[in-house]
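Participant: So that we are looking at the same thing, I have put the structure below in structure tokens.
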Amino acid sequence: MRYLVLVFFIFLSSSAALAEEKTSFVYDSHGKRDPFWSLVSPSGAVITYDKNLRHGDLSLEGVIYDPKGKSLAIINGKVFKIGSQIAGYTLFKVEESRVFLTKDSKEFVLELRKGR
């Protein structure tokens, strides 16, 4: 009987330790709006967080390349064509593994990550 209680206690304590390890979850928004952020300001205006994105907040997730100029880019989970506006940036060139954006007369390059 003592051994059964001891085995049960060891099982119970090890399962609790495993449960604690599983709760260390880190939320990755993948460039989407945090669901806990407010959609409306206290004055009633709609809040758009995309306008405040920085170059480092943009992630190139895929490219559909067309050498004839009808290429598409998947940035932060949305599809864009050349000339599209992305959080204040303008997509002006798409290559096979990178895209070029402009904002305030400055150029920015987003590259596909290897191994994803």
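Just so it is clear, none of the values below were taken in a lab; they were calculated from the coordinates. Just so you know, these numbers come straight off a predicted model, no measurement behind them. Note that we place each Cβ from the backbone using ideal geometry, even for glycine, and neighbour counts take in every protein chain shown.
Participant: Under 20 °C and 1.002 mPa s, how fast does the range 50-111 diffuse according to Stokes-Einstein, given a Kirkwood radius computed over C-alpha pairs? Answer in µm²/s, whole number.
Facilitator: 188 µm²/s
Participant: Additional query: Tally Lys and Arg at +1 and Asp and Glu at -1 over the other residues with C-beta under 12 Å from the C-beta of PRO67: what net charge comes out?
Facilitator: -1
Participant: Which length gain, in nm to one decimal place, applies between PHE108 and ILE10 when the Cα-Cα distance is subtracted from 0.36 nm times their residue separation?
Facilitator: Residue separation times 0.36 nm, minus the Cα-Cα distance, leaves 29.6 nm.
Participant: Excluding GLU96 itself, calculate the net charge of residues whose Cβ lies under 15 Å from the Cβ of GLU96, where each Lys or Arg counts +1 and each Asp or Glu counts -1.
Facilitator: Here the charged neighbours net out to +2.
Participant: Here is a follow-up. Order by neighbour count: SER105, SER38, SER97, fewest other Cβ atoms within 10 Å first, most last.
Facilitator: In increasing order of surrounding Cβ atoms, one gets SER105, SER38, SER97.
Participant: List every residue whose amide H lies under 5 Å from the amide H of VAL63, counting only residues 5 or more places away in sequence or on a different chain, with H placed 1.01 Å from N in the peptide plane.
Facilitator: Under 5 Å from the amide H of VAL63 lie the amide H atoms of ILE74, each far enough along the sequence or on another chain.
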